[in-house]
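Okay, structure first, notes after.
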Amino acid sequence: MFARDALSGTRAPWLVYLAGFLACLLLPYAGFSGFVVHQLQTFCYTAIAVIGLNLLLGFSGQMSLGHAGFFAIGAYGSAITSLKLNWPIYLSIPFGTALSFFAGALVGVFALRTRGLYLAMTTLAFGFIVDIAAQRWVDLTGGTMGLMLIPQVGGSSMSSASFNYLALCLVCLLLVQMAADFISETASGRSLRALRESEIFAASVGLNVPIWRAATFAFGSACAGLAGSLFAHQSGFIGSDAFTVRLSVAMLIAAVIGGLGTRSGPLLGTAILLVIVETIAGQEKFGLIIYGLILLFVLLIFPEGAAGAIGRLSSKFASGAKSIVYNVTKLGLPFNQFNGLQLEVKGLVKKYHGVTAVDSVSFKVKAGSIHGLIGPNGAGKSTVINVIAGVYRHDGGSVILGDHDLGFKGTAQRASLGLARTFQNLQLIQAITVAENVMLGFKPRWSLARTFFDWISLKGCERADFEDALSVLQFLGIADTAKKLPGEISFGHRKLVELARAIAQQPVVLLLDEPIAGLNTAEAKKIAEVVRQLKSLGVTILLVEHNMEFVMSLCDEVSVLHYGRLIATGTPAEIQANAEVIAAYLGSKGSTDD
Amino acid sequence: MEFSTALQLTISGLTMGSIYALVAMGLYIAHLTTHRVNFGQGDYMMVAGFLVLGLGRLGLHAILSVLVSICMLGLMGYFLERVAIRPLDRFKRISVGAYGWILTTAGLALIAQNSVELVWGKSAQYSPPLFSSKRDQMVTIFGARFLLEELIVIIVAMTVVACFLWLIKKSRWGKAIQVVAFNPETAELLGINTKSVKIFAFVVASVLAGVAGVLIGPIVTLQPHMGLVFTIKALIVATVGGFSNPVGILIGGFLFGICEAYSNYFDSQFGDLYPLLIALGMVALRPSGIFSERSDDVR
């Protein structure tokens, strides 16, 4: 929420980074004492680890209680290769980082199947295992006695060597911060937030959830590994005592205290952490109590952290923050042609624990037509939609898009083939604006390199997407909500936003799950009008809805489900005259059910 | 390996396993009710061990010091719910998001560790035996000699677990917990005070940790930082058993304990790592646990 979006900035990011880079080169000449230089080095590598943790926890919502483990792997990876294999530092540090990256990817694979509590447990156990291994595998790690005389960066004198090392640490920090900024400010940041709030949603806009989660994990671990490598060469000594769970907790404290999910949070948090560590250095006896109290205090009283507090203050004083006003220049949708395909369901079967919810259902949705799917509650309509969308695996039959059997393809793959959907229970991402929710639907416009170039030079890499999102919203008549959060707009508008997001996916087939449930007549009329327009643009639409008037007036064909079986398919007029359908809805004479 | 060695290892494994199961039951009931657990569950256990030790040194009768310690743990459970769990409901939507409780309960655990360290010191300590007359009183069964203490620990732990299962499955409180677990709003509509049910869950969880702490004092050395390992192992046992199935957790605890006893016997250097690695592998293959059914979210 506090993250700056790439639209509202007025300063070119590259200027900031260039200034930072120059500062890195000049800082060694500032004449700091040896102690300050050492602290600054510590700040740099700790901040690098915390940035990774922030991306992991603050953006993608994955908990890691074992970050000390990745830190240790990086440290030992770099220390051992440089010490025992005589690798130069410039090779051993990337090696340590890469080692952590792969360890992170491996744990990330565990993470794919585990969530929340389980993930916290897995990472905690991982950190514990690494800690024990570091302690006891004395031949390799030196245990608590540690590894000594690890090669360090050279220089003409002791102090110039440590200045050189500081410059190296600073440059690493700058690069990591830049990478994290790029990720969080562009489409990937949106995707991570979407992933955090709803994986089903993320998959439905075509994000490959497992890959995203594992990649975030690997990135976070690589950051910790880089930090560990830099730590190893800082004073030339590492002992296993440095890598206990206490380090993981300290890094978490820094991330939380600085403000999770913000850009400046990790830097602020690390600075605060180091001040705390220095302050309690003389009070070693109470160290853990102080850590514990800080955790409680920050989480219970200051959950947005330092960056959040500063953001709130600065927005209070500078209420007229500059934001670029966008006019809708394009009228109508950004794409004027949808190539609707035929959707066919053949002999579909879905069982839940032996209960057959859908029993050999077959129907065809002709290309460019509107097909209604109706039936009493519990008839299996939502199950059919979810099977078509790839949320559930079917137990028999097939779903065919165009002439392509979808088999057991996942939601994300189906979405990228052009199968878009809306949800019965709204799935909007609460942490980002309405426009950004819609932008989640767009496919990446340019290559990563081009996006990066646009981002760093402030060409407005997001501008084109934003304008397109705006015109989709305009098409639905709610362009004025673009900059609001989903929680701030009415229920009816939220339903329209969902539709807008689905349209942004430029679907060949659109699945609408109860699009007008809970809406008033005017809003329902608006949706009906939109659905008709979409049809005229060529979209194939499958519609589940309870409102008969809505279904009968819109649909070209209607299928009726009852207790998981298809009891009729035909034009609205045929369906309305069908005796079995009437019996299913109203009960027939002598019928015992209901 | 001789038969008697195997039998001894098995009994030791069952002893530690029953301790893990007790600690894990606490995680289970808290998770069932609130979808949150105390990440300091092992530290709570450690606190109970030290309380019995400390009260005993003050001259309190053994039975009395056990009772007082367990009551103290109940109070700590209440405190935990009020301080580290409930207040977080206020900010559901901030970025710490759903997992703030991991950090708050871990924070309390750190405070507990440090407090114990301040009172009883950092070094490892032995607690006097509860059931046997001296530390290494042995009994001989089928030619194998066992520590009497271990055998009684297993029996007591099983009795407590049985009472716990009765509480969950049969008592009114247990039914209230099941309803709150199913849906807190429905529970409110049925006239169940969800707040007190949640407090009850955490009190029971802490009491179980307390029982574990009382039992474990005499069979291992007590040390202020021992808790984390038990938290990790209990979490793993609960996960492997399937977080929704108390009987599965019990079996999981025994399996883990036995596995650990044997692996320590064969490899004294890294012995305690193998069970963890195996269990993690199992979690990766079957995240919902070996004894639980996968349930689809039907909407």
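No lab work stands behind these numbers, since they all come straight from the coordinates. These figures come from a predicted structure and were not determined experimentally. All Cβ positions, glycine included, derive from the backbone under ideal geometry; neighbour counts span all protein chains shown.
Worth pointing out:
- Dividing the summed helix terms, -39500 (n - 2.57) for each DSSP H run of n ≥ 4, by the number of residues in chain A produces a 222 nm estimate of -17500 deg cm²/dmol to the nearest 500.
- About its Cα centre, the dipole of the protein assembly as shown is roughly 800 debye, where the only charges are +1 on Lys and Arg Cβ and -1 on Asp and Glu Cβ.
- A:Leu91-B:Met282 pseudo-label distance in nm [points 7 Å out on the Cα-to-Cβ vector]: 4.4 nm
- Ranking of B:Phe256, B:Phe131, A:Phe442 by count of other Cβ atoms within 10 Å, fewest first: B:Phe131, A:Phe442, B:Phe256
- A simple rule links phi to the HN-Hα coupling: the Karplus curve 6.51 cos²θ - 1.76 cosθ + 1.60 with θ = phi - 60°, which for segment A:139-151 gives 4, 8, 9, x, x, 6, 5, x, 9, 10, 6, 5, x Hz, with x for Gly and Pro.
- Neighbour counting of Cβ atoms within 10 Å sorts the residues B:Cys71, A:Cys223, A:Cys172, fewest neighbours leading, into B:Cys71, A:Cys172, A:Cys223.
- Chain A: angle of helix A:245-258 to the longest principal axis, Cα-based, in degrees nearest 10: 70 degrees
- Peptide packing for A:529-535, A:282-288, A:410-416, B:234-240 was compared via the average number of neighbouring C-beta atoms within 10 Å per residue; ordered from the highest value, the list is B:234-240, A:410-416, A:529-535, A:282-288.
- Only lysine pairs 8 or more places apart or on separate chains count here, and in chain B those with Cα atoms under 26 Å apart total 12.
- Comparing B:Trp173, B:Asn183, B:Ala109 along the charge dipole axis of segment B:69-196, the residue lying farthest to the positive side is B:Asn183, per the Cβ-charge model.
- The Cα atoms of segment A:152-290 give a gyration tensor whose axes a ≥ b ≥ c have a/c of 1.5 or more with a/b greater than b/c, which makes the shape prolate.
- Calculated FRET efficiency for the pair A:Gln135/A:Phe286, C-beta based, R₀ 35 Å, to 0.05: 0.85
- Gyration tensor (alpha-carbon) shape descriptor, chain B, a/c threshold 1.5: prolate
- Here's the picture: charge each Lys and Arg Cβ at +1 and each Asp and Glu Cβ at -1 in chain B, and of B:Leu73, B:Gly257, B:Ile236 the one pushed furthest to the positive end of that dipole is B:Leu73.
- The mean number of partner chain beta-carbon atoms within 10 angstrom of a residue's beta-carbon across peptide A:284-296 is 6.
- Here the extension length gained between A:Ser156 and A:Asn425 equals 90.2 nm, from 0.36 nm per residue of separation less the Cα-Cα distance.
- Listed pairs A:Lys350/A:Lys409; A:Lys351/A:Lys495; A:Lys351/A:Lys381 exceeding 19 Å between Cα atoms: A:Lys351/A:Lys495
- Straight-distance crosslink candidates among aspartates and glutamates, where the alpha carbon sits under 19 Å from A:Lys84 and sequence neighbours closer than 8 are dropped: A:Asp139
- Site pair A:Arg532 and A:Glu574 shows an inter-label distance of 2.4 nm when each label is modelled 7 Å from Cα along Cα→Cβ.
- With N as its number of residues, segment A:92-228 has a Cα radius of gyration that, divided by 2.2 N^0.38 Å, comes to 1.30.
- The distance separating the Cα centre of segment A:48-75 from that of segment A:223-268 comes to 8 Å.
- Number of partner chain Cβ atoms within 10 Å, mean per residue of A:254-262: 2
- Estimated distance in nm for a label pair at A:Lys525 and B:Ala124, the labels positioned 7 Å out from Cα along Cα-to-Cβ: 8.0 nm
- For the peptide B:111-117, the mean number of other protein chain Cβ atoms found within 10 angstrom of a residue's Cβ is 5.
- Rounded to 5, percent antiparallel among DSSP beta bridges of chain A: 55 percent
- Put simply, the Cα atoms of segment A:211-257 extend 36, 22, 17 Å along their principal axes, the longest span coming first.
- Packing, as the average of other Cβ atoms within 10 Å across residues, places the peptides A:62-74, B:100-112, A:14-26 in the order A:62-74, B:100-112, A:14-26, highest first.
- Spatial separation of Cα centroids for segment A:349-406 and segment B:210-233, in angstrom: 53 Å
- Each of A:Glu304, A:Glu574, A:Glu197 was scored by other Cβ atoms within 10 Å of its Cβ. Listed from fewest to most, they are A:Glu574, A:Glu197, A:Glu304.
- Cα gyration tensor shape of the protein assembly as shown, rounded if a/c is under 1.5, else prolate or oblate by comparing a/b with b/c: oblate
- Theoretical FRET efficiency, 1/(1+(r/R0)^6), r = Cβ-Cβ of A:Ser362 and A:Phe335, R0 25 Å, to 0.05: 0.20
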